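The values are calculated or read from the model by the stated rules, or taken from the named source; none is laboratory data. Computed from a prediction, not measured in an experiment: that's the story for all the values here. We place every Cβ from the backbone using ideal geometry, glycine too, and count neighbours over all the protein chains shown. Each accessible area value is taken on the protein alone, full model and side chains, heavy atoms only, with ligands, DNA and RNA left out. Shrake-Rupley method; radii C 1.70, N 1.55, O 1.52, S 1.80 Å.
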Amino acid sequence: MTGFAPMPLRLETERLVLTPEVESDAPWFAELLTARGTGAFTVDDARERIAAMALLVRTIGIGALVLRRREDDEPLGYCAIIVGRGTLDEPELAYELLPSAHGHGYATEAARAVLDAAFGTGRTRIWSTVRPWNAPSLRVLDKLGFRRDHVTVDDAGEIVWLVRERDPA
């Protein structure tokens, strides 16, 4: 038991419906993972990651949700609350979109809904970590009210840590 309420498994925004990843998401998810440029991912690789995320959602109550356009159910990417570099008490907001979905405000719209849901679980602080070269993600986090907290370094370079506190009730 985590001490927090689980996040809802369905969120809706003006243009999007967010639901958990399912096995049939594996083809586009493999495409998304490959688009990172860190290597090729197979559909089987994607299925394994989807199964692992489903287990996390069931056991700790947070995880990834697929963004789908309301108008055509087209998958655009995912938005998640994960432990990542954070903790279960202070998890991390993460999102990643297919290249064709960039530049339409989907990340901001989805992340706002997921962030609100994360605070609805009783959490009071959410982190996000971004490489300094990722200006689009930094803009999304700025729109969501995240503030820069500190910078760390790993084998791949600098990591900018941003934080958002729950708004006072």
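Number of residues in region 87-113 that are over 19 Å from Pro8 (Cα atoms), among the hydrophobic types (A, V, I, L, M, F, W, C) and assigned to a loop (DSSP other than H, G, I, E, B): the value is 1.
Here the condition is being modelled with pLDDT of 95 or more and in a loop (DSSP other than H, G, I, E, B); of Gly145, Gly77, Gly84, it holds for Gly145 alone. As a summary of the residue check, Leu67 satisfies the conditions (1) in contact with a helix residue (DSSP H, G or I) (Cβ under 6 Å, 6 or more places away or on another chain); (2) within 30 Å of Gly157 (Cβ to Cβ); (3) of a type outside the set (Asp, Glu); (4) open to solvent by 40 Å² or more (accessible area, probe 1.4 Å) except for the one numbered (4).
Checking region 95-107 against the condition returns no match, with no residue being of a type outside the set (A, V, I, L, M, F, W, C) and touching an Asp or Glu at 6+ places or on another chain (Cβ under 7 Å). Scanning region 48-105 for residues that are within 16 Å of Leu141 (Cβ to Cβ) and among the hydrophobic types (A, V, I, L, M, F, W, C) gives Cys79, Ala80, Ile81, Ile82, Leu93, Ala94, Leu97. Scanning region 120-136 for residues that are touching a strand residue (DSSP E or B) at 6+ places or on another chain (Cβ under 7 Å), open to solvent by 10 Å² or more (accessible area, probe 1.4 Å), touching a residue at least 40 places away in the same chain (Cβ under 8 Å) and not basic (Lys, Arg) turns up Thr124, Trp127, Thr129.
The condition of being out of contact with any Leu (no Cβ under 7 Å at 6 or more places or on another chain) and not charged (D, E, K, R) holds for only one of Val130, Val153, Val66, Val114, that being Val153. The sole residue among Leu32, Leu55 that is crowded, with 18+ Cβ neighbours inside 10 Å and at negative phi is Leu32. Name the pairs whose Cβ atoms lie under 9 Å apart, with the first residue in region 150-169 and closer than 18 Å to Arg125 by Cβ and among the acidic types (Asp, Glu), the second open to solvent by 80 Å² or more (accessible area, probe 1.4 Å) and part of a strand (DSSP E or B), and 6 or more positions between them or separate chains? Cβ pairs passing all conditions: Glu165/Arg147.
Scanning region 77-119 for residues that are farther than 21 Å from Arg148 by Cα and open to solvent by 40 Å² or more (accessible area, probe 1.4 Å) yields Pro99, Ser100, His102, Gly103, His104.
Among the candidates Leu55, Leu65, the residue that is free of Cβ contacts under 8 Å to residues at least 12 places away in the same chain and either farther than 18 Å from Thr129 by Cβ or outside any strand (DSSP E or B) (or both) is uniquely Leu55.
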